[in-house]
Amino acid sequence: MSSMALYQSIASGIVSGCVYALVALSVVLIFKASDVVNFAGGEFVMLGAYAGLGALTFLEVPYGLAYVIAALALFFIGATFNKVVLDSVLKRAKHGQRTLVAMVIATLGLSYVIKGGVRLFSFTEEVRRLPSAFSGPPIFIGPVVLQWQDIAIVSISLALMLALYIFFQKTLTGKVLRATSQNPRAAALIGIPVQLMQLYSWGLACAIAGVSGVLIGAKLPISPDFGGPIMLLAFAAAIIGGFTSLPGVVIGGILLGIIQNLVGITISSTAIAVTPFVVIMLVLVFRPQGLLGGRHRIKKV
Amino acid sequence: MYGSVSLRQLFPLLALLLGGFFIPMFTNEYYLYLGNVLMMYAVLAIGLDILMGWAGQFAFAHTAFFGLGCYTTALLNIKFGIPFIVGMPIAALLAGAVGVLVAIPATRMRDIYLALATFAFAEGMFWVFNTWEPVTGGSTGLRIISSNVLGFKVSNDVTAFPVSMSLMCLMIAAAMYLSKSRLGREMSAIRDSEHVAMSCGIDVRRTKVIAFGISAIYAGVAGAMFTLAQSFASPEQFGFNTAILVLTMIVVGGMGTLPGVMIGVLILSMLPEVLRTTMRSFQIWQELVYGLILILSIMFMPRGIWGSISGHLKKRELPSKNAKSI
C-alpha cells in the first residue's frame, strides 16, 4: 500500500467521520437529556435529507436555506415525539420503575413510522441524491485530493460543533440544559422546567441529525432505508467516545471514519460494513467507559 | 403459585399436540403454513421472553442464535445428511454454547450497554451470514432440502405441521417447568432487583449466563423449525427486522408471562397476512402499522395486552409494589 493511498483514505475518513460525529452527537444529546437511546436517530438523518431535498426541488430555495428548513422540520418532529409519546410513557411508568425498554421500543416504533411515512410519497421510490452544494475543481493538499464538497462537510460540521460548544458552555440555556441532564431532580428543585428542557434537547438533537442528513445526502444516495447503517455508525462513534462525553463523541466519530477507511484498504472492502460492530464490541468489552469517558459511573438502583 | 406444574396446566398442551396430528387432515395448506410460521415465532418469542421478561436482560442478540440454529440444521442436513432429530439438538446446543460465550463478557454490562453490545453482535452475525458465501450461500440464500424426521420425509407445510407442533409443545412445557423451578425464580429475582437477589445468595452472573444460554437454545430450536417448512433461508430473515418483530410480540402481548407472549405471537405473526390481503402497498403499511402498534401499545399498555387483562381481572398487588414498601 502506497503512502498516498494511506493519506487519501485518512483524509476521506475524516470527512465521513465528521458526519458520523454529528449524528452521534445527536444520539448522545438525547441520551444525556432523557436517558433514552434513540434508535430512530438514523431515520431522523434520512428525514433531514429528504426535507433538504424537498426544499431544494419543490420550493427551489437557496442551498443554505435547505439546512435551516431541515433543521426546523426535525426540531419540530423531535420535540413533538418527546412531548406526545415519551412524556406519556414516563407518566404511566410507576415511580422508580425502569423505563429503558419502553423508551427504546418507542423510538423503534418511531423509526418504523418514519420509514413507512416517507415511503407513502412516491417521490421516494427512486434512490436520489442531493445536488452538491459546492463545486469547483478539486484541490490538492500534498498528495491528498479533496473535493470542495468534502471541505464543506468538514467545515460545516466543525462550525456546528463549535456552535454547540459555545451554546453549552456560555449561554444560560445551554447551562440549564447541562444541569438538567446531569441531575434532573436537582434541576427541578432550583426551578428549571425539566420537561421543557428535555423537549428542547430532543428538538436540538433532531435538528442536528437533520442538518447532518442534508450534508450526507450530497455524498450518499438517499433512500428510505439509508438511515439504519448511519445509526449503527453513530452508535459506534458514541461508544468510542464514552456515550456521555460530547468531545469524546466527536473524536470517536472521526476515529471511526479513519478506522473504517483503513480497514477498507488493508483488509477488504466487504469488511467495512462489519467494522462498526467489531468496534462496538471491542470497546464495550475492553474499555466500556470509552476513550474519553471518565470512571464508569454505577447508577444506584 | 410455586411448586410443580399440575396436570391441568399441561392439558391444553396435550390437546394442542393431538391437534398437531389431526389438523393437517382437515385444513388447506395456506393455514398450515401460517400455523408453522406461528409456532416457530412462538418458540423464538418464548426464548427471548426468558431472557428479557424473566431475567430482565435487555439483549438484542436473539436473531443471531435463530440464524445459527437454522443454518446449522440445514447445513448438517445438506452437507452430511444428518437427520433432523440429530441435527436439531446439535444446532440448539451450538446456539446455546455461543449464547453462553456471548453472555460471559456481556453480563458485565447492563442496560443500554448490554443492548448495544448484543445488537452489535447480532449485526456482526448477520454480516457473517451475508458474506460467508461458500457456506451460507450469502445474500442469494440457501436452498433447504427436505429433512428426515424419524424416517418420515418432511418437505412441506403439511408434513412439517405435526413436527413443529410437537417441538412447540415441548418447548412450552419446558418453559412452564422452568418458571416453577428454582432457576426460574432466581431469574425473576434478578429482574426485580439485582441487589436483593445478590443479598439472597443468588449467583447473579451465573444465573444471567444460564438465562442467555437457555434463551439461545430456544432460538436455535426455532431456527431448526425454520428448516422444516421453508425451502429457502436468506440472511434477511435473521436480521434486525426479525429481532424487532419478536421484541414487538413480547412487548405487545405482555412481557414475562407465557399467555401474554402467545397472544403477542398470535397477533403479530398474523398481522402481515391480514395487511397483505387488505392493503395494496404492503411494505409501507406494514412499517407504519408496526410502528404505530409499538408506540401506542407502549403508551397505553406498558404491561402488554395480557398485563392489562389480568390487571383488570384480579386487582392483585404487584410484586414490585411489595418490594417498594419494605
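In the stretch B:109-125, what residues are open to solvent by 10 Å² or more (accessible area, probe 1.4 Å) and either over 16 Å from B:ALA216 (Cβ atoms) or among the acidic types (Asp, Glu) (or both)? Selection gives B:MET109, B:ARG110, B:ASP111, B:TYR113, B:GLU123. Under the condition of being in a loop (DSSP other than H, G, I, E, B) and at the interface with chain A (Cβ under 8 Å from one of its Cβ atoms), the residues counted in the stretch B:109-125 number 1. Annotation for the stretch B:27-39: at least one member residue is under 11 Å from the mean Cα position of the chain (by Cα) and assigned to a helix (DSSP H, G or I).
In the set A:PRO229, A:PRO288, only one residue is in a helix (DSSP H, G or I), within 14 Å of chain B (Cβ to nearest Cβ), open to solvent by 10 Å² or more (accessible area, probe 1.4 Å) and of a type outside the set (Lys, Arg); that residue is A:PRO229. No other residue among B:VAL100, B:VAL128 is part of a helix (DSSP H, G or I), touching a Gly at 6+ places or on another chain (Cβ under 8 Å) and surrounded by fewer than 23 Cβ atoms within 10 Å (Cβ to Cβ) apart from B:VAL100. With respect to the conditions (1) more than 15 Å from the chain's Cα centre (by Cα); (2) β-branched (Val, Ile, Thr); (3) more than 14 Å from every other protein chain (Cβ to nearest Cβ), A:VAL15 falls short on a single one, namely (1). More than 14 Å from chain A (Cβ to nearest Cβ) and either in contact with a Pro (Cβ under 6 Å, 6 or more places away or on another chain) or closer than 30 Å to A:LEU100 by Cβ (or both): does that describe B:VAL135? Here the answer is no, as B:VAL135 does not meet what is asked. Taking the stated definitions as given, is B:ILE202 in a loop (DSSP other than H, G, I, E, B), touching an Asp or Glu at 6+ places or on another chain (Cβ under 8 Å), open to solvent by 10 Å² or more (accessible area, probe 1.4 Å) and of a type outside the set (Lys, Arg)? Against the criterion (in a loop (DSSP other than H, G, I, E, B), touching an Asp or Glu at 6+ places or on another chain (Cβ under 8 Å), open to solvent by 10 Å² or more (accessible area, probe 1.4 Å) and of a type outside the set (Lys, Arg)), B:ILE202 qualifies. The requirement of being under 20 Å from A:TYR67 (Cα atoms), away from every other protein chain (no Cβ under 14 Å), not in a strand (DSSP E or B) and not basic (Lys, Arg) is not satisfied by A:ILE114. All told, A:SER268 meets the bar of being open to solvent by less than 50 Å² (accessible area, probe 1.4 Å), farther than 22 Å from A:PHE31 by Cα, hydroxyl-bearing (Ser, Thr, Tyr) and at pLDDT below 85.
Just to check your reading of the model, which residue among A:LYS175, A:LYS170 is of a type in the set (D, E, K, R), exposed (fewer than 13 other Cβ atoms within 10 Å of the Cβ) and at pLDDT 80 or above?
On the way: A:LYS175 fails: exposed (fewer than 13 other Cβ atoms within 10 Å of the Cβ).
Criteria check complete, one pass: A:LYS170.
Scanning the stretch A:199-226 for residues that are open to solvent by less than 10 Å² (accessible area, probe 1.4 Å) and of a type in the set (Phe, Trp, Tyr) yields a count of 1. Taking the criterion of being in contact with a Ser or Thr (Cβ under 8 Å, 6 or more places away or on another chain) and open to solvent by 20 Å² or more (accessible area, probe 1.4 Å), the residues of the stretch A:1-33 that qualify are A:MET1, A:PHE31, A:LYS32.
For A:THR107, state whether it is open to solvent by less than 70 Å² (accessible area, probe 1.4 Å), farther than 25 Å from B:MET299 by Cα and either β-branched (Val, Ile, Thr) or in contact (Cβ under 8 Å) with a residue 12 or more places away in the chain (or both).
no
Checked against (1) in contact with a Gly (Cβ under 6 Å, 6 or more places away or on another chain); (2) of a type outside the set (A, V, I, L, M); (3) part of a loop (DSSP other than H, G, I, E, B), B:PHE60 passes all but condition (1).
Per-residue answers, yes or no, for (1) over 22 Å from the mean Cα position of the chain (by Cα); (2) surrounded by fewer than 18 Cβ atoms within 10 Å (Cβ to Cβ); (3) without any contact (Cβ under 8 Å) to a residue 24 or more places away in the chain:
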{"residue": "B:PRO134", "(1), (2), (3)": "yes, yes, yes"}
{"residue": "B:SER139", "(1), (2), (3)": "yes, yes, no"}
{"residue": "B:ILE145", "(1), (2), (3)": "yes, yes, no"}
{"residue": "B:PHE152", "(1), (2), (3)": "yes, yes, yes"}
{"residue": "B:PHE161", "(1), (2), (3)": "no, no, no"}
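The values are calculated or read from the model by the stated rules, or taken from the named source; none is laboratory data. The model shown is predicted, which means the values in this text are computed figures rather than measured ones. All Cβ positions, even for glycine, are placed from backbone atoms using ideal geometry, and neighbour counts span all protein chains on display. Each accessible area value is taken on the protein alone, full model and side chains, heavy atoms only, with ligands, DNA and RNA left out. Shrake-Rupley method; radii C 1.70, N 1.55, O 1.52, S 1.80 Å.
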